[in-house]
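Quick note: the coordinates plus some simple rules give every number you see, no bench work behind them. Just so we're clear, the structure is a prediction, and the values are computed from it rather than from any experiment. So basically every Cβ, Gly included, is an ideal-geometry build from the backbone, and we count neighbours across all protein chains shown.
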Amino acid sequence: MPKRPTSTEPPHERAFLVGIELRGAEHLLSVEDSLAELALLADTAGMEIVGETYQKISRPDPNTFIGSGKASELKDFVEETTADTVVFDEELSPRHQRELESILGENVKVLDRTALILDIFAQHAHTREGAVQVELAQYEYRLPRLTRQWTHLARQAGGGAGRSGSVGGVGLRGPGETQLEVDRREISRKITYLKSELEKIRAHRGRYRAQRKRSAIPVVAIVGYTNAGKSTLLNALSNAEVYAADQLFATLDPTTRRVELPGGKAVLFTDTVGFIQKLPHALVAAFRATLEEIAEADLLLHVVDVTHPNALEQAEAVKQTLDELKATDIPVVTALNKIDRLGGLDSVSPALADFPNVVPISALKRQGIEALLDRAQKTLQLSLAPVDARIPYSDGQLISIFHEQGVVDSIEHEEKGVRVRGRIPVRLVERFKPYAIKARRRAQS
C-alpha cells in the first residue's frame, strides 16, 4: 500500500474517477466493478481518490468522449472535490484529452486507464529490461499526444521516464522549426533506440530459452490476473524470496526457480507479469520478449483468486490475453488460490466446476502445494508424445534426457544402439526424429 504523506513527501494527487459504459458493447466487468478496479490502480499509483462518476453512452462523443453536458458536470465535480487529476477508465484519443483539459482547466491533469497502468509499471520496473520495456510503451503512448513543450510532457507522464527526465536534452531548433517538431523528433529517435535495445533483450532471451531446451527441463509459466497471488505461490513452491504484496502489479520482472516434482523430476517455474482487463496493447507489445516465455512454456499454471467476486471475469481476461499471445494450445492447470479466506474446502467446491483441471490451494498458508505439484506432474505426462527410437551408444546424453524428462515403456540394448519406446515432451520430439523407427508396411503380393 502507498505510504502516507509526510512533511518530506509531496502530497498525493487528488484523483476523480470517470467510468464509461458503452451501450451494446461486451464488457467483462460491470461499470461499477471496473471503476472499483480503477480505484485500486489509482491507489497503487499513490493517488488519493476524492470522487467518481460514470456515464452511459451509445458511442464516444468525438470531442469529449462523454458529451458536453457530462463534461460540464465533471468540471463541477472537480471544483467541488478540489481534484487535480481526472482518470478515465477507457483510453482517450489525443483530441479527447485536449478538449477535456481545455474544459477542466489548465491546473487539472487528464489521464486515462492506459496512462495510469504505464505509470504503475514505471514505478515497479526494477531491472534494466523492465525499465526499457516500460519506457518504450510510455513514449509510444505520448507521441501522438504531444501538444505542448517538455513541461507538459513531464506533467502528463505519470512516472518513470516522465518524472526522471530521462528523455535527454532537446537541443537547438533549426530555422522555422517549432518546439513541438523538435519534441516529436526527439521522442521518435528515443523510440527507435529503445526498440533496438529490446531486440537485443529479445535475442538474449531467445538464446536463454534455446539453452533451457537443450537441458530438456520442462518450463511451467505461472499466469494470472494481477494480485491473484502468483509471486506468493512461486515462493511457496520454491522457497524463493520474490517480492509479494497485496497490490496490483507488485512485481513486473520475471523470476524463474527450479522445483522438484513428486516423482523426482525437475521443472522450471517462471513467474510472469500479471494480466488485467483492458491491458494496454502498447504494454503487450513492449513486453513481447518477456511474454514469449509464456508462449513457449510446456505448461501454464493459471492462478485464480477464488475469493474475488469477479473471479470468472478475471479468468476470462487472462484467457483473452493468452489468446493474443497465441498460447492457447498449452496444457493448463488452474490453482484456485486464497482458500484460507473461505473457511475450508467445502466453501470452494461450488467453484471447482467453473475452471479446468483445478486444484484448490492457499499459497500464503502453503496449503494444497503438494497436490498442485502432483497435478502439474500428471498434466505434463499426459501431454507427452509417443516415441520409438534407436539411439546410438555415442549419443548417451539423449538416452539420459529420455529417462529424465520422458516416460520409458521399454528399453533394449541392441548392436547398433539402444532402442527405447515411451513418451517424451512434445518440444523434444525433433531431437529424436533422426533416430525414430518408422513402421514398415509389408509389401503386398
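The table for this structure:
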read-out	value
Around residue 45: net Lys/Arg minus Asp/Glu count, Cβ-Cβ under 10 Å	-3
Mean Cβ neighbour count within 10 Å, used as a protection proxy, ranking 300-308, 376-384 highest first	300-308, 376-384
For peptides 228-236, 385-393, 92-100, sequence by mean Cβ density within 10 Å, most packed first	228-236, 92-100, 385-393
For q = 0.10, 0.14, 0.15 Å⁻¹, Debye-computed log10 I/I(0) when each Cα of the range 14-119 counts as one equal scatterer	-0.24, -0.48, -0.55
Two-decimal Rg to Rh for the range 281-422 - Kirkwood Rh, Cα set	1.11
Pair residue 75, residue 410: separation of 7 Å Cα→Cβ label points (nm)	8.5
Those aspartates and glutamates that a straight Cα-Cα span of less than 17 Å connects to residue 190, excepting residues fewer than 8 apart in one chain	129, 135, 140, 181, 199
Relative exposure of 26, 370, judged by other C-beta atoms within 10 Å (fewest first)	26, 370
Length released on extending from residue 203 to residue 426, taking residue separation times 0.36 nm less the Cα-Cα span	77.9 nm
18 Å Cα-Cα reach of residue 433 towards lysines, excluding residues that sit fewer than 8 places from it in its own chain	213, 416
More than 15 Å apart - percent of Cα-Cα pairs taken over the range 384-435	33
Net charge of Cβ neighbours under 15 Å - reference residue 361; Lys, Arg +1; Asp, Glu -1	+2
Straight-distance crosslink candidates among lysines, where the alpha carbon sits under 16 Å from residue 365 and sequence neighbours closer than 8 are dropped	230, 338
Cβ-derived FRET efficiency at R0 35 Å, residue 326 paired with residue 95, nearest 0.05	0.55
Backbone N under 14 Å from the residue 292 label point (7 Å along Cα→Cβ), restricted to the range 106-129	none
Sum of side-chain charges, residue 80 neighbourhood, beta-carbon under 14 Å (Lys, Arg +1; Asp, Glu -1)	-3
Sites residue 378 and residue 189, calculated FRET efficiency, Cβ-Cβ separation with R0 56 Å, nearest 0.05	0.60
Modelled FRET efficiency - R0 45 Å, residue 58 with residue 196, Cβ distances, 0.05 increments	0.55
Residue order, fewest to most surrounding Cβ atoms within 10 angstrom, among 238, 30	30, 238
Neighbour-count order for 20, 191, fewest beta carbons within 10 angstrom listed first	191, 20
